[in-house]
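Chemist: This is the structure, below, for whatever I ask next.
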Amino acid sequence: MRRHNRQTLLVQPRPGCRTRGVLRLGNLRVPCALGRSGVTHAKREGDGGTPAGRYALLEVRYRADRIQRPRTALPLRQTRPRDGWCDGKGDRNYNRPVTLPYPASTETMWRDDAVYDVVVILDWNLRPRRQNGGSAIFFHLARPGYTPTEGCVAVSYPDMLKILGRLKPGAAIAVR
């Protein structure tokens with residue numbers, strides 16, 4: 001078994017509950033929400049699965065109108081009202097950030113709920129990018145009760161702040 005360093009978030013589903021998991025970073029263990037279809041090894045657009053694998057944590061985005069700037073050594077950017085993420089199958093910007101309004105289907109990054117008040121962009125399906133291979137797979141804030149995501153990994157706001165404060169550039173998330 002490959003060993004992971006202390007800068008890798010390890011995510012494992014809870015036995016008997018495919019939509020809930022445990023995220024570990026060193027000695028920190030926190031609950032997390034997973035996709036409505038659990039962890040998958042064959043991710044497809046819209047399947048609700050959280051893709052298994054190891055992915056770099058590329059950038060943290062946050063809503064400055066709702067929360068303070070998170071303390072982290074990872075690249076950090078404020079989310080803007082016109083920020084979107086293309087999930088339109090076949091579009092040239094599929095699984096890329098876009099400016100809204102956008103002609104193809106998009107995920108709105110400036111949401112009414114709090115799940116993207118802090119969102120970490122992962123390198124899922126970026127290079128090489130596969131059309132219909134799944135888009136907008138992020139590490140973000142959990143809904144109350146850790147209800148399932150559409151394929152992302154989600155934790156509480158206090159846990160996210162603890163995690164971000166411990167990470168350095170080059171950190172990754174490993175979903176098993």
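The values are calculated or read from the model by the stated rules, or taken from the named source; none is laboratory data. On a predicted model such as this, the values are computed, not experimentally measured, just so you know. Here the Cβ is made from the backbone with ideal geometry for all residues, glycine too, and neighbour counts use every protein chain on show.
Chemist: All but one of (1) under 13 Å from the mean Cα position of the chain (by Cα); (2) surrounded by fewer than 18 Cβ atoms within 10 Å (Cβ to Cβ); (3) more than 21 Å from P13 (Cα to Cα) hold for Y116; which doesn't?
Modeler: Only one criterion in (1) under 13 Å from the mean Cα position of the chain (by Cα); (2) surrounded by fewer than 18 Cβ atoms within 10 Å (Cβ to Cβ); (3) more than 21 Å from P13 (Cα to Cα) is unmet by Y116, namely (2).
Chemist: Taking the criterion of being part of a loop (DSSP other than H, G, I, E, B), among the acidic types (D, E) and touching a Phe, Trp or Tyr at 6+ places or on another chain (Cβ under 8 Å), would at least one residue in the stretch 140-151 satisfy it?
Modeler: Just the residues of the stretch 140-151 that are part of a loop (DSSP other than H, G, I, E, B), to begin with: 142-143, 147-148, 150-151.
Within this subset, residues satisfying the condition of being among the acidic types (D, E) are 150.
Of the ones still in play, those that are also touching a Phe, Trp or Tyr at 6+ places or on another chain (Cβ under 8 Å) are none.
No: the stretch 140-151 contains no residue that is part of a loop (DSSP other than H, G, I, E, B), among the acidic types (D, E) and touching a Phe, Trp or Tyr at 6+ places or on another chain (Cβ under 8 Å).
Chemist: A further question on this structure: Working carefully through the options V39, V30, find the one that is under 15 Å from the mean Cα position of the chain (by Cα) and either surrounded by 13 or more Cβ atoms within 10 Å (Cβ to Cβ) or in contact (Cβ under 8 Å) with a residue 40 or more places away in the chain (or both).
Modeler: Details: V30 fails: under 15 Å from the mean Cα position of the chain (by Cα).
It is V39.
Chemist: Restricting to the stretch 70-95, name every residue that is under 21 Å from Y55 (Cα atoms) and free of Cβ contacts under 8 Å to residues at least 12 places away in the same chain.
Modeler: N93
Chemist: Could you check the stretch 59-69 and list, in sequence order, the residues that are hydrophobic (A, V, I, L, M, F, W, C), in contact (Cβ under 8 Å) with a residue 40 or more places away in the chain and surrounded by fewer than 16 Cβ atoms within 10 Å (Cβ to Cβ)?
Modeler: So in the stretch 59-69, the residues hydrophobic (A, V, I, L, M, F, W, C) come out as 60, 64, 67.
Filter once more, so that each one left must be in contact (Cβ under 8 Å) with a residue 40 or more places away in the chain: 60, 67.
Hit for the stretch 59-69 is I67, nothing else.
Chemist: If you check every pair at least six apart or on different chains, which have Cβ atoms under 8 Å apart with a residue in the stretch 149-171 that is closer than 19 Å to Q12 by Cα and of a type outside the set (S, T, N, Q) first and a residue that is part of a helix (DSSP H, G or I) and at pLDDT 95 or above second?
Modeler: Sorted first by the residue in the stretch 149-171, then by its partner, the pairs are A154/Y146; V155/I163.
Chemist: Considering only the stretch 53-63, I want to know if a residue exists there that is closer than 18 Å to A114 by Cβ and in contact with a helix residue (DSSP H, G or I) (Cβ under 6 Å, 6 or more places away or on another chain). If you could, list the steps in order and put the result at the bottom.
Modeler: If we filter the stretch 53-63 for residues that are closer than 18 Å to A114 by Cβ, which is where we start, we get 60-63.
Add one more test, that the residue is in contact with a helix residue (DSSP H, G or I) (Cβ under 6 Å, 6 or more places away or on another chain), and what stays is none.
No, the conditions are met nowhere in the stretch 53-63.
Chemist: Looking at (1) without any contact (Cβ under 8 Å) to a residue 60 or more places away in the chain; (2) in contact with a His (Cβ under 9 Å, 6 or more places away or on another chain), find the lone condition where T106 falls short.
Modeler: Status for T106: all satisfied but (2).
Chemist: Considering the stretch 100-125 alone, what residues qualify as being in a loop (DSSP other than H, G, I, E, B) and of a type in the set (S, T, N, Q)? If you could, list the steps in order and put the result at the bottom.
Modeler: In the first step, residues of the stretch 100-125 are kept if they are in a loop (DSSP other than H, G, I, E, B); the result is 100-105, 109-117, 123-125.
Those that are in a loop (DSSP other than H, G, I, E, B) and of a type in the set (S, T, N, Q): S105, N125.
Chemist: Of all residues in the stretch 152-171, which are assigned to a helix (DSSP H, G or I) and in contact with a Cys (Cβ under 9 Å, 6 or more places away or on another chain)? Step through it out loud before you land on a result.
Modeler: So in the stretch 152-171, the residues assigned to a helix (DSSP H, G or I) come out as 157-166.
Result: D159, single match.
Chemist: Filter the stretch 119-146 down to the residues that are free of Cβ contacts under 8 Å to residues at least 24 places away in the same chain and over 15 Å from the mean Cα position of the chain (by Cα), then identify the one that is surrounded by the most Cβ atoms within 10 Å (Cβ to Cβ).
Modeler: Of the residues in the stretch 119-146, the ones free of Cβ contacts under 8 Å to residues at least 24 places away in the same chain are 127-128, 130, 138, 144-145.
Now drop any that are not over 15 Å from the mean Cα position of the chain (by Cα), which leaves 127-128, 130, 144-145.
On the way: R127: 5, P128: 6, R130: 13, P144: 8, G145: 7.
The selected residue is R130.
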